[in-house]
1. Working only within the stretch A:70-79, note down all residues that are buried (at least 18 other Cβ atoms within 10 Å of the Cβ) and touching a helix residue (DSSP H, G or I) at 6+ places or on another chain (Cβ under 7 Å).
2. Against the definition (away from chain B (no Cβ under 14 Å) and either touching a strand residue (DSSP E or B) at 6+ places or on another chain (Cβ under 9 Å) or under 30 Å from residue B:91 (Cβ atoms) (or both)), how does residue A:134 come out, yes or no?
3. Looking at the stretch A:69-93, which of the residues that are under 30 Å from residue A:34 (Cβ atoms) and within 21 Å of the chain's Cα centre (by Cα) is farthest from the other protein chains (Cβ to nearest Cβ)?
4. Given the residues A:185, A:119, which is the only one that is within 14 Å of another protein chain (Cβ to nearest Cβ), out of contact with any strand residue (DSSP E or B) (no Cβ under 9 Å at 6 or more places or on another chain) and more than 20 Å from residue B:423 (Cα to Cα)?
5. Which residues, counting only those in the stretch A:125-139, are touching a helix residue (DSSP H, G or I) at 6+ places or on another chain (Cβ under 6 Å) and in a helix (DSSP H, G or I)?
6. Would you mind stating whether residue A:193 is under 14 Å from residue A:318 (Cβ atoms), touching a residue at least 12 places away in the same chain (Cβ under 8 Å) and in a loop (DSSP other than H, G, I, E, B)?
7. Listed residues A:202, A:170, A:220, A:177; which is more than 25 Å from residue A:417 (Cα to Cα), within 14 Å of chain B (Cβ to nearest Cβ) and at pLDDT below 95?
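The values are calculated or read from the model by the stated rules, or taken from the named source; none is laboratory data. What you see is a predicted model; the values in this text were computed from it and never measured. A quick note on method: Cβ atoms are made from the backbone with ideal geometry, for glycine too, and the neighbour counts reach across all protein chains shown.
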């Protein structure tokens, strides 16, 4: 400890904005088996991947060599519209909990997309532009990712088609409107503009759509449009790489005060925010320089790490993508409706899956009533209304801080506050009305999901 | 100029957070005739005002003696949950406009209430608590103010009744939900919980309510509840005083780079944000140290400065409040529906009215299509989706920057970006759909409004 008083909010200067991302895959525990072509069962080549994704992103996806990967200057300039983001000392939460623990959170919600998603959206839009592409496509469910990509596409002058799960586009018209305001073409999915969409509409005329179908439509549109590629917001290694800026900024700020976290906590859906937050801290552990512990928090309704299987599986429910080795509930697992839309994913980032499998990472599943209890407590004392996804991390941080109080331990806890809940207020309404329910899949639901994991033999 | 490169965002350190507010009323041009008791037509005494407002706020309201008024330590601590706010150099907007002007904006939207309103809500809640009160009441239309006060009341442990215009509470259920999440009791107005509400419900059974009625209900509730006072979010001098923190922070940041604005621009509804932004800069002008010009921007649908009269009028449409000398369209003027809810007020802060009357301040009225053109342009290059209210200031700043380009003048423009548009997306939808219309009152509408200005003879 340097002894300096830690301020409420730590902002880095613009010169301190990281110049490189951190690639954890130079260390063996973060490496994972290769993606497989589902037809040949052979490892995907860069060429295969480049048909779908931007060239530079594919290079990053496969890079196990460079610990530091440079952030291009023009992209750093865009980052300056919303970064560096604040690292906040949760003095008020500490007081409320009467805990000897020091609690810090890295807040990624102070941008119009409302979440950390913009970190990778910006990078992927930049690389698309640099490659000479004129448009990109993606899908969005809850809408954070689509909003982030709309902002990035507007900034770099790319056309963007967003396939938005139809039921979401109806339930969250305002999310759609933000994307339109940024110039994106928002298409409720399933649509009649793709074969995949038309096929689904024929089979299920009144369907509200699914993320699986929206992915299929976006991939098809990218494949059939000249100078166009598909862009994905989580799960993949290059997305985690871009998100490492979260952890890097946090570490630079803490280093100034000589603070090393004992525990780093993040919520987990596809894994990109937590993968980004933990990267440089885990790097220190893997170098033998620190003893930080890492705790991922998932919803009990979609417990891919805590109740899933470590196996090769499709990344999408439509079974179109390469196979990834990851913790999965099965690509056919349908989580019951819960209010953390960003955490409703059957699988988990292959990097985080490998780390969990190797014992570098703990995980816990939490029910949503407890999550909203934590969210409201946090909102009232720290001022920020958190996204339901982010509140999973808050809930675990509160539990750990209470443990510290009970054990009389002065630990340093850092968690990721990934976003704000301004577009999730129907969930808060249910909570305020007392009608919010906990959801946990029965064993037979899990079994049905596991049955959809493809056999490799 | 110090020659240092100005960063994209200027954040003050916590030590630099102002320790005092700035009271412009020590200067003659900012002083205005006293509030009058509508029955006796005599100046209101402090005792009369203290029956409605907190004691310390009344003292501030009447203070023409102290240029600097101390911000209490406990309040400064709450300010640290969301302040200092960033002063942003609009490099991207400057590029887009190809202007030699330097454009800066002070961004007040990075808190959960989404606007500058929290600056005064925090102060008023603090003083209520300090006075030993246990609850406060207020009204809210668009919802920003009610949200801000909910947050402040939660922080200081006060009960809060918010009378929310019924039609707003139905059209903006999520605004209501934020307030509930912060523990506020939100009552759609007119309600059957007050005499004023019951009276209106009898007369107009199906009414959607009005701000005037909501004010009446809140004032009545405060008067009849032990240890309770009423709290107002704009117009009054003490609210402008609290908002001076906006201008003070801006000036501290600019001073570091030796920058003096040539032009300060703000949107105007009740006037609190612009009154706060301009205060210390106008102080310099009144001391003969600077030649800054000041430009207020109002909606053409509610043009209180540019088309109103300078007269004593009621502050509310229900004609219950003291009379204030101000520019007014008449307390009975009903602005047509427009999307800048925060700017739909028949009158104008008495301080700003006096300044405008004395020639210290210019004003311009802008139609909402032009405002949304500016909003979308700004959102796409600077990243932030502005509130429709704030976009009035953006629109004028763009006009002035274009004038600078045409005249080849390198002026420094500072404007107030008071908040975000996350809860105003139905307005953006109309704009995106091309169905947004300009609104400007006809002469006979103005005449009907002017007829409601009370006669003092």
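1. Selection gives A:75, A:78, A:79.
2. yes
3. A:69
4. So the residue among A:185, A:119 that is within 14 Å of another protein chain (Cβ to nearest Cβ), out of contact with any strand residue (DSSP E or B) (no Cβ under 9 Å at 6 or more places or on another chain) and more than 20 Å from residue B:423 (Cα to Cα) is A:119.
5. Passing the criteria: A:125, A:126, A:127, A:129.
6. Judged against the criteria, residue A:193 is not a match.
7. A:170
Residues are listed down the side, and each one gets a yes or a no for (1) within 29 Å of residue B:280 (Cβ to Cβ); (2) within 19 Å of the chain's Cα centre (by Cα); (3) away from chain A (no Cβ under 14 Å):
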residue	(1), (2), (3)
B:18	yes, no, yes
B:22	yes, yes, yes
B:29	yes, no, yes
B:32	yes, yes, yes
B:43	yes, no, yes
B:48	no, no, yes
B:58	yes, yes, yes
